[in-house]
Every structure is written in C-alpha cells, then in structure tokens.
1. Quick one: in the range 119-138, which of the residues that are crowded, with 16+ Cβ neighbours inside 10 Å and modelled with pLDDT under 80 is nearest to residue 91 (Cα to Cα)?
2. Out of the residues in the range 191-206 meeting the condition of being buried (at least 19 other Cβ atoms within 10 Å of the Cβ) and within 13 Å of residue 241 (Cβ to Cβ), tell me which one is farthest from the chain's Cα centre (by Cα).
3. Looking for whichever is surrounded by fewer than 17 Cβ atoms within 10 Å (Cβ to Cβ), touching a residue at least 40 places away in the same chain (Cβ under 8 Å), more than 15 Å from residue 23 (Cα to Cα) and more than 18 Å from the chain's Cα centre (by Cα) here; the options are 60, 65, 90. Which one fits?
4. Is it the case, given these coordinates, that residue 321 is at pLDDT below 85, assigned to a helix (DSSP H, G or I) and touching a helix residue (DSSP H, G or I) at 6+ places or on another chain (Cβ under 8 Å)?
5. Given the structure, is residue 148 modelled with pLDDT under 85 and not assigned by TED's automatic domain parsing to the domain that holds residue 233?
6. Taking residue 285 as the residue in question, decide whether it is surrounded by fewer than 14 Cβ atoms within 10 Å (Cβ to Cβ) and touching a helix residue (DSSP H, G or I) at 6+ places or on another chain (Cβ under 8 Å).
7. Working carefully through the options 284, 289, 266, find the one that is under 21 Å from the mean Cα position of the chain (by Cα) and in a helix (DSSP H, G or I).
8. Assuming residue 241 fulfils every condition listed in (1) assigned to a helix (DSSP H, G or I); (2) within 30 Å of residue 114 (Cβ to Cβ) apart from one, which condition is it?
C-alpha cells in the first residue's frame with residue numbers, strides 16, 4: 001500500500017482545503033501618511049474567524065475598525081496615520097485560535113511607488129514587513145511565485161492531479177493528460193482574469209469538488225472500458241476548463257497590474273504549471289515503483305479504499321461549498 005503515500009500524506013490537511021483560501025489584505029498609503037487597510041476572509045469561514053491587525057509603533061488609528069459581510073467574504077476596514085510613512089514597519093496579523101492556517105496575500109500601494117506590489121505570507125506567518133517603495137518591480141517573478149504558492153495551497157487541485165496521474169499510468173499518457181489539463185485551464189484562467197468570462201465562485205468551487213468525486217469513483221471501481229480510462233486526456237481537458245476558473249479566483253482577489261498585465265498573467269500560469277510539475281513528477285515515480293513492488297490483490301484493495309476516502313472527502317467539500 002506504499003503507493004498511496006502521496007495521497008494519504010495530504011489527507012490530514014485536506015479536510016480544511018475549503019478553508020485554506022488565502023486572506024487578502026489591501027493597503028493604500030497617500031503622501032500625507034494616511035493609510036487605508038481593507039482585509040477579507042472567504043465566506044465559507046465564520047466572521048468571528050477574521051483576524052485583527054495590530055497598529056505598529058509610529059502609527060495611530062484614525063477610526064474604529066469597520067466590519068461587514070457580503071457574498072465575497074467577511075470584510076474589515078481601518079484607517080491609520082503613520083508618521084514618516086508605513087515602509088519599514090511591521091504589521092502583526094492576529095488570527096483567532098479557531099481560524100485554520102491561512103496564507104495572506106497583501107497588495108500594497110505605497111506613497112512614492114510607481115505601482116502596486118504583492119507580498120505573500122505562507123500559513124503560520126503573521127508578521128507583515130512593509131517593504132520600501134520601489135520605482136520598478138519584477139512583475140514576472142512576483143506572479144510566478146504567487147502561482148506556485150497557490151497550487152501548493154490548493155489540496156483539491158493536487159488531489160485531482162494525483163487522480164489523473166493514477167488513471168493515466170504511463171509517462172506518455174501522463175504527459176498527454178497533464179498537457180490537456182494545462183491547455184484547458186490556461187484558456188479559462190486568461191478569460192476569467194481579463195473579465196471576459198465570469199461565473200459564481202461558489203458554483204465553480206463546488207464543481208471542482210465534483211470533478212474529484214468522479215475521478216474517485218473511477219479509481220475505486222478500477223480500470224474499465226469507460227471514457228475516463230480510455231481517454232483521460234479528454235476528461236482532464238474538460239475539467240481543466242473549470243479548474244482554470246478556480247485559479248482565476250485568486251487573481252480576482254489579488255488584482256492584475258495595469259502595467260505588465262500580460263506578463264503577470266503569463267507568469268502566474270507558469271507558476272501554476274511549475275507547482276503542478278513539482279507535485280506530479282514524484283507522484284508518478286512513486287505510483288510506478290509501487291506497481292512493481294506490490295502484489296495485484298493488495299493494489300486493488302488499496303485502490304478501492306483510496307477511491308472511497310477521496311470521494312467522501314470531495315463530497316464533503318462539494319456540499320460545504322454549495323450550502324455553507
């Protein structure tokens with residue numbers, strides 16, 4: 001049953017996959033030192049799980065923090081006055097004990113900066129050091145890192161990739177399947193990010209969970225004469241269109257820069273692919289090795305257990321995303 005390691009290793013965290021969408025923080029500073037802060041957590045979390053921001057030394061609050069909720073999430077807003085500017089100061093993000101580990105995507109528009117910049121804090125990091133304003137920014141590197149981080153924070157996407165690899169089996173079929181998935185989600189990612197295509201985020205995320213359920217059913221039943229087993233590339237491409245809309249949701253929260261929009265979009269997509277490959281290559285190797293070392297009856301039993309486990313987990317996500 002060693003071949004199940006790539007799946008089972010992430011299952012303890014997977015139950016919280018729907019909660020692990022990043023918190024977004026927007027900071028806007030004017031030349032007088034006045035700072036506007038707006039932050040949001042996803043609507044599937046409880047409003048009480050939103051963090052507070054500790055006012056750094058040298059800054060004073062100008063108003064009480066406001067809070068409200070809408071279909072996009074639970075929002076907070078505050079205004080500070082920072083003597084000498086915000087750059088170089090550290091903002092502590094204080095999460096309640098009940099909040100699952102969340103990444104933070106901070107969008108900064110500092111006084112004197114030519115454009116907005118992005119800072120990504122991984123889950124567990126709660127200190128945001130405000131960098132000095134830059135006249136020029138490396139948009140490509142910034143969005144490349146964001147794409148990689150987004151894939152590795154999305155357990156649902158990783159489970160889908162693992163299921164595709166298991167069904168495709170051979171390196172040649174895996175390459176064709178992952179390529180089909182890549183092309184498909186690249187198309188809808190670009191269309192959604194540019195505002196050409198728009199669908200409700202809740203429905204998109206529920207359908208992504210459904211795609212995992214369908215793969216889990218196929219894995220539990222084993223190789224058969226079905227479209228999924230005969231042509232996994234077609235299945236990957238079809239569901240890749242939906243996963244692309246899911247990838248675009250994070251870009252909606254972050255926002256694409258007005259200068260270098262195409263570069264940012266390309267870099268984010270390449271970051272997603274890099275993250276997928278970093279996951280796919282070792283998973284394929286482990287699956288292939290396990291088939292050589294494990295007896296056929298053991299493989300079939302473990303495959304059925306894994307299919308049921310992943311299917312139940314994805315069903316939980318789907319209902320949570322539809323009705324929570």
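The values are calculated or read from the model by the stated rules, or taken from the named source; none is laboratory data. Nothing here was measured: the structure is a model prediction, and the numbers come from that model. Don't worry about glycine lacking a Cβ; one is built from the backbone with ideal geometry, like all the others, and counts go over all protein chains shown.
1. Only one residue tops the list, namely 133.
2. The selected residue is 192.
3. Only one candidate qualifies: 90.
4. In short, yes.
5. no
6. No, not satisfied.
7. Answer to the check: 266.
8. Failing condition for residue 241: (2).
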